[in-house]
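Input: a single structure, listed below in C-alpha cells.
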Amino acid sequence: MGDYKLPTYWLANFGLIYTLDMTHLGMRNPTAVRNLVFAFNIYNLANTRYASTVGQNGFTMDNQGGAAYNNQSILLGAPRQFFGSVKAEF
C-alpha cells in the first residue's frame, strides 16, 4: 500500500525580451513613452506530460468510499503555453 510511482520529467522554458529605447529615436518629450518593452515566453517547451502536485491533500488509507477516499492527490501539469506582453515606460 502507498506505492505511488511517477516517471521523471524535465521541463524547459523559453523567454525573449526586447527593449526599444524611444529616446534614441529622437523622441525627447518628457510626457512621451521613453521605453517600450516587448516580452514573449513559452512554458513547457517540449509539451511534456507531468504531475505538478503530488500528495497535497494527503494520501489517505481510507478505503470505505468516504470523502477522504476520493481525495485527489495527483494533479497534472500545464501543457505548453504561450504568453506575450508589451510594457510602456514613461
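Here, each number is a calculation from the coordinates, and none is a lab measurement. Just so it is clear, the model here is predicted, and its values are computed rather than measured. In this analysis, Cβ positions are derived from the backbone assuming ideal geometry, glycine residues included, and neighbour counts consider all displayed protein chains.
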Per-residue HN-Hα couplings for segment 80-86 [Karplus 6.51, -1.76, 1.60; θ = phi - 60°; Hz; x = Gly/Pro]: 4, 9, 10, 9, x, 8, 10
Ranked list, fewest to most other Cβ atoms within 10 Å of each Cβ, for Y9, Y18: Y18, Y9
Distant-in-sequence amide H partners of N35 (H built 1.01 Å from N, under 5 Å): M22, E89
Chain lengthening between Q81 and N41 when straightened (0.36 nm per residue, less Cα-Cα): 13.6 nm
